[in-house]
1. With (1) within 11 Å of the ligand (Cβ to nearest atom); (2) part of a loop (DSSP other than H, G, I, E, B) as the list, and Ala258 as the residue in question, which single condition is left unmet?
2. Do we have Ala128 as touching a Ser or Thr at 6+ places or on another chain (Cβ under 6 Å), more than 13 Å from the ligand (Cβ to nearest atom) and not β-branched (Val, Ile, Thr) here?
3. Can you name every residue in the stretch 70-112 that is touching an Asp or Glu at 6+ places or on another chain (Cβ under 8 Å), aliphatic (A, V, I, L, M) and farther than 16 Å from Ala283 by Cα?
4. Being surrounded by fewer than 22 Cβ atoms within 10 Å (Cβ to Cβ), free of Cβ contacts under 8 Å to residues at least 60 places away in the same chain and more than 16 Å from Ile175 (Cβ to Cβ) narrows it down to one residue among Ser250, Ser295; which is it?
5. For the stretch 31-87, name all the residues that are assigned to a loop (DSSP other than H, G, I, E, B) and within 16 Å of the ligand (Cβ to nearest atom).
6. Quick one: how many residues across the stretch 276-285 are surrounded by 24 or more Cβ atoms within 10 Å (Cβ to Cβ) and in a helix (DSSP H, G or I)?
7. Which one of these does Glu28 not meet: (1) away from the ligand (no atom under 16 Å from the Cβ); (2) more than 19 Å from the chain's Cα centre (by Cα); (3) open to solvent by 20 Å² or more (accessible area, probe 1.4 Å)?
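The values are calculated or read from the model by the stated rules, or taken from the named source; none is laboratory data. Since this is a predicted model, take the numbers as computed values, not measurements. Neighbour counts are summed over all protein chains in view; Cβ atoms, including those assigned to glycine, are modelled from backbone coordinates with ideal geometry. With ligands, DNA and RNA removed, areas are computed over all heavy atoms of the protein, side chains included. Shrake-Rupley method; radii C 1.70, N 1.55, O 1.52, S 1.80 Å.
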Amino acid sequence: MANARLTAIGMAVPDNRITNEYFESLIETTDEWIVSRTGIRTRYYTRQDEFTSDLCVRAVQNLVEHHAVALDDVDMVIVSTVTPDQPMPSMACRVQHRLGLTRAGAFDVYAACAGFSYGLVMAKGLIAGGTHRKVLIIGAETLSKVTDFEDRTSCFLFGDGAGAVLMEASETNQIGACVTGANGEHGTDLYISGFAPTLDGQPLKMNRCIVQNGRKVFKWAVGKMSEQMRVLAGKNNLTLDEIDWFVPHSANLRIIDAICNETGFPGAKVLESIVDYGNTSSATIPIALCNGIRSGRVKRGDQIMLLGFGGGLTFAGTVVQW
Ligand code: UT7
């Protein structure tokens with residue numbers, strides 16, 4: 001089996017920064033409630049004429065600006081998103097074309113907020129199998145385009161953004177064992193409306209927006225993430241004490257705190273992106289990791305556990321060394 005490692009990382013958010021005060025004029029809420037219940041202070045929204053593929057391209061350009069890597073021999077592009085510009089062609093094909101990656105195959109992953117982690121698992125498999133050597137994995141969303149601004153319980157949560165990593169075949173293996181899973185029976189707890197009647201027979205609503213049972217997802221996420229942290233550490237022959245950084249999907253700071261309470265993992269060793277960027281679904285993990293690396297907190301050789309969860313309900317994770 002060929003070895004793999006991450007060699008570069010980049011991120012992008014739109015220019016338009018939205019503070020919690022914006023929601024005070026839309027719905028009955030306060031900055032204090034949003035901060036205390038979620039940790040979120042700001043998020044970024046795309047313009048009407050700015051789409052997910054634009055953020056993908058900007059994240060990859062940002063990656064190239066910060067790392068001396070060549071992209072002309074990238075042989076696969078994987079994009080995770082639930083907010084593609086359109087269903088076909090895929091975002092990965094758009095990125096492949098716009099960045100001139102003519103030697104690359106391209107496809108999208110559809111696993112909601114766990115999708116970036118699913119992408120890492122797939123990329124590792126492609127490289128380990130010896131069929132590919134250089135894979136670009138991007139998590140990107142424009143959730144503001146599917147936010148129900150009349151839903152007082154969710155509209156303040158979501159943001160737009162993208163993160164990208166390059167995984168390459170290497171001498172040493174720095175991508176560890178993985179976990180993947182799904183609880184499809186919880187499909188009605190978190191979904192985008194406007195496509196089909198829901199699994200539990202709720203009629204088709206025409207507007208496309210995120211619908212969630214926040215409390216149920218919260219509870220499931222805390223239990224599942226705590227359980228899978230232990231499973232993932234065990235699969236990598238590590239104890240949780242040996243994990244230098246935990247990068248969970250950033251959906252709510254209180255979910256992260258509850259996971260830390262449940263597992264005894266120190267909050268100071270968590271990298272999050274919820275406070276400054278809101279919940280950017282597929283992009284929360286690469287954005288948090290990118291900021292952790294750029295700020296100098298993450299050092300070469302650190303053991304980093306990445307673990308996503310999201311609509312499906314899905315989860316996936318791995319342990320990488322930067
Ligand atoms: O990647 C996607 C994954 N999604 C998630 O992980 C979502 C997980 N869930 C959550 O993050 C939280 O459940 C929410 C942030 C969505 C909601 O927080 P909560 O603490 O679960 O609130 P709640 O729904 O239990 O409501 C608590 C109270 C209620 O008032 P009463 O009944 O206690 O008087 C709500 O009416 O907060 C009230 N409330 C609000 N108050 C001010 C609900 N929304 C708001 C609001 N502003 N925007």
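1. Checking Ala258 against (1) within 11 Å of the ligand (Cβ to nearest atom); (2) part of a loop (DSSP other than H, G, I, E, B), the one that fails is (2).
2. Numbers: touching a Ser or Thr at 6+ places or on another chain (Cβ under 6 Å): no; more than 13 Å from the ligand (Cβ to nearest atom): yes; not β-branched (Val, Ile, Thr): yes.
Here the answer is no, as Ala128 does not meet what is asked.
3. Those that are touching an Asp or Glu at 6+ places or on another chain (Cβ under 8 Å), aliphatic (A, V, I, L, M) and farther than 16 Å from Ala283 by Cα: Leu101, Ala104.
4. On the way: Ser250 fails: surrounded by fewer than 22 Cβ atoms within 10 Å (Cβ to Cβ).
Testing whether each residue is surrounded by fewer than 22 Cβ atoms within 10 Å (Cβ to Cβ), free of Cβ contacts under 8 Å to residues at least 60 places away in the same chain and more than 16 Å from Ile175 (Cβ to Cβ) leaves just Ser295.
5. Correct list: Gly39, Ile40, Arg41, Thr81, Val82, Thr83.
6. 6
7. It fails just one condition, (1).
This table checks each residue for (1) open to solvent by less than 10 Å² (accessible area, probe 1.4 Å); (2) within 23 Å of Val13 (Cα to Cα); (3) of a type in the set (Val, Ile, Thr); (4) not in a helix (DSSP H, G or I).
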{"site": "Ile287", "(1), (2), (3), (4)": "yes, yes, yes, no"}
{"site": "Asn291", "(1), (2), (3), (4)": "no, yes, no, no"}
{"site": "Lys299", "(1), (2), (3), (4)": "no, no, no, yes"}
{"site": "Leu306", "(1), (2), (3), (4)": "yes, yes, no, yes"}
{"site": "Ala316", "(1), (2), (3), (4)": "yes, no, no, yes"}
{"site": "Val319", "(1), (2), (3), (4)": "yes, no, yes, yes"}
